[in-house]
1. Can you spot a residue in the range 79-93 that is in a strand (DSSP E or B), free of Cβ contacts under 8 Å to residues at least 60 places away in the same chain and touching a His at 6+ places or on another chain (Cβ under 9 Å)?
2. Among the residues of the range 68-75, is any modelled with pLDDT under 90, among the hydroxyl-bearing types (S, T, Y) and part of a strand (DSSP E or B)?
3. I want to confirm something. Restricting to the range 115-134 and keeping residues that are more than 20 Å from D12 (Cβ to Cβ) and out of contact with any helix residue (DSSP H, G or I) (no Cβ under 6 Å at 6 or more places or on another chain), which single residue is modelled with the lowest pLDDT?
4. For the range 93-110, which residues satisfy the criterion of being buried (at least 16 other Cβ atoms within 10 Å of the Cβ) and of a type in the set (S, T, N, Q)?
5. If we scan the range 33-47, do we find a residue that is modelled with pLDDT of 90 or more, farther than 16 Å from R122 by Cβ and out of contact with any Asp or Glu (no Cβ under 9 Å at 6 or more places or on another chain)?
6. Looking for whichever is among the hydrophobic types (A, V, I, L, M, F, W, C), in contact (Cβ under 8 Å) with a residue 40 or more places away in the chain and touching a Lys or Arg at 6+ places or on another chain (Cβ under 9 Å) here; the options are V31, V111, V55. Which one fits?
Amino acid sequence: MPIVAVSMPESDLKELEFLREEGGFNSRSDVVRQAIQILLSRHQDLDKIKGHVTVIATAVYDKKLKGFQSKSILDNYSSLVSTVIHTKAHSGESIEIMIVKGNADDVRAFVKDIKGDIHMTRLHMALIGGSIDE
């Protein structure tokens, strides 16, 4: 099995170690492999969806940044984004909750663009509607 080195902030390393201990994993590698499988599953679900869909996307941004960093992305997809709620977490991180509605291809393009925002630390999505193309 190939060995891959990963750089990460100390805070992420602490989270990784927490997940290893609390999740009953034997190693950090096991945690990372499981995380990759979960991400791959989410990506494949979004990739296979057809028809009209709604996505509830929660983006978390670094606490050092001020304001929403993806405003231009929201402007580009204004016909799809029906709601945006901004708040700050107790940790100081910025949180954007977005409700995105539209054709699956357009929503996929939005998600791809928002995932590419280098300032975002996490993205959680709930997919509603559409049909899976098997």
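1. Scanning the range 79-93 turns up no residue that is in a strand (DSSP E or B), free of Cβ contacts under 8 Å to residues at least 60 places away in the same chain and touching a His at 6+ places or on another chain (Cβ under 9 Å).
2. We begin by selecting, within the range 68-75, every residue modelled with pLDDT under 90; these are 68-75.
Right, trim to among the hydroxyl-bearing types (S, T, Y) and you get 70, 72.
Right, trim to part of a strand (DSSP E or B) and you get none.
Taking every residue of the range 68-75 in turn, none turns out to be modelled with pLDDT under 90, among the hydroxyl-bearing types (S, T, Y) and part of a strand (DSSP E or B).
3. Of all residues in the range 115-134, those more than 20 Å from D12 (Cβ to Cβ) come to 125-134.
Subsequent filtering for residues that are out of contact with any helix residue (DSSP H, G or I) (no Cβ under 6 Å at 6 or more places or on another chain) retains 125-129, 131, 134.
Details: M125: 86, A126: 84, L127: 82, I128: 82, G129: 76, S131: 72, E134: 58.
Looking at the filtered set, the residue picked out is E134.
4. Selection gives S94 alone.
5. yes
6. Working: V31 fails: in contact (Cβ under 8 Å) with a residue 40 or more places away in the chain; V111 fails: touching a Lys or Arg at 6+ places or on another chain (Cβ under 9 Å).
One residue alone meets the criteria, V55.
The values are calculated or read from the model by the stated rules, or taken from the named source; none is laboratory data. Computed from a predicted model, the values in this text were never measured in an experiment. A quick note on method: Cβ atoms are made from the backbone with ideal geometry, for glycine too, and the neighbour counts reach across all protein chains shown.
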